Amino acid sequence: MTEKTPKLAGVVGWPVGQSLSPLIHTIWASRAGIDGYYIPLAVPPAYDEFARVMTALQTIGFSGVNVTIPHKEHALRYADAASEIAQKIGAANMLTFGKKGVYADNSDAAGFEKSLRDRLGASSERKSAFILGAGGAARAVAVAIRNCGFADIVVANRTRDKAETIAADFAMEVADWEERNERLSAASFVVNTTSLGMSGQPPLELDSKKLRPGAIVADIVYSPPETPFLKAAQVRGHPVINGLDMLMHQAAPGFRQWFGGAAVVDEALRAALVTALKRRGSA
Ligand code: NAP
């Protein structure tokens, strides 16, 4: 009789204890009856530490890992090959360990694109979008917004240099951070990609009265799912997209790749994540 070994995958970050990815993958594995483990792995910030752990994970039979802050650029550097989208974004949130080498990919852009497409109607205006923030996640969001057909994209960031870099990479216009309220009225889609509004962080200061009527408003912060920024927009009747949508959709490609089962994003999954956040006092 041969012993069947469970499938192994995980998420690598520093810190990583707050990650909801183990819960998402465990729910999908249980639904599909898959024998597998998805393990949170705290790996210190230096590239050498990251590389050492990636090599060890392959030795013990991991199929792949998700990668989060601060290792997304490290993942791209470590891989033998990378998808076009990961190269364009300059970071990877997925590493797949294969016989031919390590392959880096980025599912953040597709994850955000799916959540935005789910909310855009056939008649939704797709002219102008406004991105707040210019960190790693903003690059994935910029790709997704462009793919959804928005022609004019404006970006504002506290540190203007970073806004200029991302604007040059993705053909966007830069606005001053102090100018953000004045820019709101022109945008039919507004998204917060800063960490403002996250548990333990100050809220994003934005005057929701200046939002264009009917504008869709998104926040990629998911802890809490209802940030003060989103709540203010919702109260004024704007359609909103919270960070759990992107989180669930970005997880799906990794699950399919490493565990080989269906990764369905539905209300039951969302409810489980909200319950977990409530237990932590973050929802
Ligand atoms: P990052 O690279 O560290 O970027 C952080 C961004 O927040 C930068 O634009 C930074 O501006 C801005 N920021 C931080 N503190 C600020 C303050 N006090 N005032 C104004 N701006 C401030 O982080 P990231 O990877 O892009 O992630 C950003 C957020 O997105 C996090 O909350 C993360 O959890 C969330 N996220 C969610 C998903 C999802 O699946 N829903 C996926 C990825 C990330 P400066 O450049 O001026 O510092």
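The values are calculated or read from the model by the stated rules, or taken from the named source; none is laboratory data. Since we're looking at a predicted model, the values are computed, not measured. Quick reminder, even Gly has a Cβ in these numbers, built from the backbone with ideal geometry, and neighbours come from all protein chains shown.
All of (1) within 16 Å of the ligand (Cβ to nearest atom); (2) more than 19 Å from the chain's Cα centre (by Cα); (3) not hydroxyl-bearing (Ser, Thr, Tyr) hold for residue 241 with one exception: (2).
Pick from the range 94-148 the residues that are touching a Cys at 6+ places or on another chain (Cβ under 7 Å) and more than 15 Å from the ligand (Cβ to nearest atom): which of them is modelled with the lowest pLDDT? This residue is 126. For the range 149-163, a residue qualifies if it is within 11 Å of the ligand (Cβ to nearest atom) and surrounded by fewer than 21 Cβ atoms within 10 Å (Cβ to Cβ), and the qualifying residues are 158, 159, 160, 161, 162.
Just one of 199, 195 is surrounded by fewer than 18 Cβ atoms within 10 Å (Cβ to Cβ), within 11 Å of the ligand (Cβ to nearest atom), more than 16 Å from the chain's Cα centre (by Cα) and under 26 Å from residue 106 (Cα atoms); which is it? Going through 199, 195 in turn, the sole match is 199. Note on the range 125-151: residues that are over 23 Å from residue 221 (Cβ atoms) and touching a residue at least 24 places away in the same chain (Cβ under 8 Å) amount to 4. Given the criteria among the aliphatic types (A, V, I, L, M), modelled with pLDDT of 95 or more, over 20 Å from residue 131 (Cβ atoms) and more than 12 Å from the ligand (Cβ to nearest atom), does residue 252 qualify? In short, no. Tell me, please, whether a residue that is among the aliphatic types (A, V, I, L, M), in contact with a Lys or Arg (Cβ under 8 Å, 6 or more places away or on another chain), at pLDDT 95 or above and surrounded by 14 or more Cβ atoms within 10 Å (Cβ to Cβ) can be found in the range 32-49. Looking for residues that are among the aliphatic types (A, V, I, L, M), in contact with a Lys or Arg (Cβ under 8 Å, 6 or more places away or on another chain), at pLDDT 95 or above and surrounded by 14 or more Cβ atoms within 10 Å (Cβ to Cβ), one finds at least one in the range 32-49, hence yes. Quick one: would you say residue 95 is surrounded by 23 or more Cβ atoms within 10 Å (Cβ to Cβ) and assigned to a strand (DSSP E or B)? So residue 95 passes the test. Taken together, 187, 272, 233 contain a single residue that is away from the ligand (no atom under 11 Å from the Cβ), among the aliphatic types (A, V, I, L, M) and in contact with a Pro (Cβ under 9 Å, 6 or more places away or on another chain), which is 233.
From the list 182, 205, the one residue that fits, being touching a Lys or Arg at 6+ places or on another chain (Cβ under 9 Å), within 16 Å of the ligand (Cβ to nearest atom) and over 24 Å from residue 95 (Cβ atoms), is 205.
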